[in-house]
Amino acid sequence: MDLHATKTDGFNAPNTITTLTGHVIATQGTLKATGDKALVYIDGDTQISRIVITVDKGKLAHIEQVDDAGNLMTGDADKLDYDNINGIAVLTGHAVVHQQGRGEAHGDKLTYNTQTAYMTGDSQGDGQVHMIFLPKPKPATASPAPAKTASPANAKATPSTAKPASASSTPATPSTVSAPASSSSTPAKGQP
């Protein structure tokens, strides 16, 4: 995970917590999370196991990621708790998650699996999690082919303007041409 901030307080050691403050940006692949303050939890193997992002009053922490299908997921909340080992983002306080082409959810607490797009939600304010599901887009339909002006069933009998087969511009091949029985390659008697 790549981390940026105005100030850092901590060190990269097993089983520690580092504090980042000021314009925090955490990126990993297509995942990006932003906020004002972050607590970065380092596990016993010196790996980032968890990052908790908060914001100043009146702002929202933000997370976004492009899924395997190329759709963008964005989430905003007062607090973002991201489990880096399992790819689980827990958004609490004024939480909103938008899934491109799929819909959105609003609640006090939304849990989003960044690997599977599975989501759960809880709400305390009005006791409701609000969700909007978008219908699957219909494929574009091709316009019908233009109607033909005459079809064999209703065409009038007209004199043919086609050339006879013998007047074809394509030369005949030896395998398809047979000579008449009366012709020969030598001139007939009495003919010059």
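Every number here is computed from the coordinates shown, using simple stated rules; none is lab data. This structure is a prediction, so every number in the text was calculated from the model and none was measured.
Observations on the model:
- Over segment 29-117, Cα pairs under 8 Å with separation of 6+ residues give a relative contact order of 22 percent.
- Prolate is the label for segment 1-141. Its Cα gyration tensor axes, ordered a ≥ b ≥ c, give a/c of at least 1.5 and a/b above b/c.
- Straight-line cross-link partners of Lys79 among the aspartates and glutamates, defined as a Cα under 16 Å from its Cα and at least 8 positions apart when in the same chain: Asp36, Asp56, Glu64, Asp108, Asp122.
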